[in-house]
Amino acid sequence: MKNFLLTALLPLMLAVTSCGPVTFTLPVERMTGGENAVDFQGTLPGVVSLVQRGDSDSALLSALAVGIAERLEADLGLDSGAVPVYSMYADEVSTAFREDVEYLHAAAGVEFLIVADSMYVGEFSVEIPDGKAYLQGGFMQQTVVSLPYNIRVQVFDSRRPEPVTAWTENDIMEWTLLSDTPLTRLRAVERVNSELDSSFRTLGGSLAERFLPGWETVNKMLYVYDDNKWNEACRLAYLFEWEKAMEIWYGEADSPDVRRAACAAHNLSVACEILELNDMAAQWKARSEELMNRSR
C-alpha cells in the first residue's frame, strides 16, 4: 500500500563537493488515524447494507449506508453519487463466507467494500428535565428523546480474505426538543421519528470518519553520492518510483566500500518503510547500522 505521497519536488542536483555522501530531506505525507483507518489508494470504494427481510429498521440502515457514501465522496474528492450504494437481504448474502464477499465485490465493481449489517434499534425513551432552556430572550421547555442502537460495519479489500477493519457501534442517539409548553411522549416521539432518516444518514457520515485516514508531513533523510547512479536513484525517489530507485541501491548495498554500502542500506530501509514493507525496512535498517559501526 502506498501510505506515503510525494508532497514537494526539491532540486535534485545538490552541492556535492566531496567523495563522501551528503544527505537531503524528502518531505512526504504519512497516513495517520486510528486502528480502523484505511488507505483507499485512489480506488473507488462501495457501500452495501445487509438488511433483514421484513425489518422495519431496514430503511434506517439504508439511510446510514448513504451517509457513509456521502462522507467518502466528500473526503476522497469524488463527485456526488460516485460511490455506489447497494442494499441486499442478509439471508441471501453473508460476510462470514468468502465467496459471498467476493460476490459483493464483483457486484459493486470495487476493490474496497464497506458493509453495514447487524443493526438493532431499540425503543424511544422520553424525559422532561426540570430546568428550562433560555433561547432568544425567553425560556423554553426541554424534552429529551433517546434511542439506543447497535450497528456493525466492516471494510473488505478484494485482495485479502479477512476484513481490513471492523467495529461495532453501540450507542444512544439523543435529541433535545424545545417548545413553549411540555410535549407529550407521543408528540415528542412523532417529532423525532420524522427526522430519523436524516439522523441515521448523519450517523453514517460520523461512522465513515472511523476509517478515513488523516495525513501528516514527515521528513525522510536519504544519502547521495556524487555519482550518476546515486543521482538517478534520488531522481526516481522524488518521482515516487521507489521500486526503481531500490534496484540501484540494491547494487550499491553490496559495495566493498562499507560506508557506501551502509548508506545504500539506509536508503533501502526508507524506501521499504514508505512502501509499507515493514519487515524488510527493519532488516535494512539493522544492516545499515551494522555497516555504519564498522565504517567508523
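Quick one: would you say Phe112 is touching a Ser or Thr at 6+ places or on another chain (Cβ under 8 Å), more than 17 Å from Ala96 (Cβ to Cβ) and either in the same structural domain as Asp100 (by TED's automatic domain parsing) or not acidic (Asp, Glu) (or both)? So Phe112 passes the test. Taking segment 43-59 as the range and being aliphatic (A, V, I, L, M) and either surrounded by 23 or more Cβ atoms within 10 Å (Cβ to Cβ) or outside any helix (DSSP H, G or I) (or both) as the test, the residues that pass are Leu44, Val47, Val48, Leu50, Val51. If you go through segment 237-251 and keep only what is modelled with pLDDT under 95, of a type in the set (Phe, Trp, Tyr) and under 17 Å from Thr23 (Cα atoms), you end up with just Tyr238. Looking at this structure, is Glu169 in contact with a strand residue (DSSP E or B) (Cβ under 6 Å, 6 or more places away or on another chain), touching a residue at least 24 places away in the same chain (Cβ under 8 Å) and surrounded by fewer than 14 Cβ atoms within 10 Å (Cβ to Cβ)? Taking the combined requirement at face value, the residue does not satisfy it.
Residues being under 41 Å from the mean Cα position of the chain (by Cα) and without any contact (Cβ under 8 Å) to a residue 12 or more places away in the chain: count how many of those fall in segment 134-148. Counting residues in segment 134-148 that are under 41 Å from the mean Cα position of the chain (by Cα) and without any contact (Cβ under 8 Å) to a residue 12 or more places away in the chain gives 1.
Scanning segment 39-65 for residues that are acidic (Asp, Glu), assigned by TED's automatic domain parsing to the domain that holds Ser118 and in contact (Cβ under 8 Å) with a residue 60 or more places away in the chain yields a total of 1.
Highlighted here are the helices (runs of 4 or more DSSP H) found entirely within segment 236-296 that include at least 2 residues which are of a type in the set (A, V, I, L, M, F, W, C) and loosely packed, with under 15 Cβ neighbours inside 10 Å: 278-295. Every condition in (1) of a type in the set (D, E, K, R); (2) within 17 Å of Thr23 (Cβ to Cβ); (3) touching a Lys or Arg at 6+ places or on another chain (Cβ under 9 Å) is met by Arg260 except one, and the failing one is (3). Within segment 151-166, the set of residues being free of Cβ contacts under 8 Å to residues at least 12 places away in the same chain and among the β-branched types (Val, Ile, Thr) is empty. Select from segment 159-217 the residues that are over 25 Å from the mean Cα position of the chain (by Cα) and polar (S, T, N, Q) and write down the one among them that is farthest from Val121 (Cα to Cα). So, considering only residues that are over 25 Å from the mean Cα position of the chain (by Cα) and polar (S, T, N, Q), the one farthest from Val121 (Cα to Cα) is Thr181.
Considering (1) in contact with a His (Cβ under 9 Å, 6 or more places away or on another chain); (2) of a type outside the set (Ser, Thr, Tyr); (3) crowded, with 17+ Cβ neighbours inside 10 Å, the lone condition that Met221 does not fulfil carries the number (3). Report whether or not Pro84 is modelled with pLDDT of 85 or more, surrounded by fewer than 17 Cβ atoms within 10 Å (Cβ to Cβ) and closer than 18 Å to Ser158 by Cβ. Yes: the conditions hold for Pro84. Candidates in segment 134-166 are the residues that are within 22 Å of Asn193 (Cβ to Cβ) and of a type in the set (A, V, I, L, M, F, W, C); of these, the one that is surrounded by the most Cβ atoms within 10 Å (Cβ to Cβ) is Ile151.
The values are calculated or read from the model by the stated rules, or taken from the named source; none is laboratory data. This is a predicted model, so every value here is computed, not measured. Note that we place each Cβ from the backbone using ideal geometry, even for glycine, and neighbour counts take in every protein chain shown.
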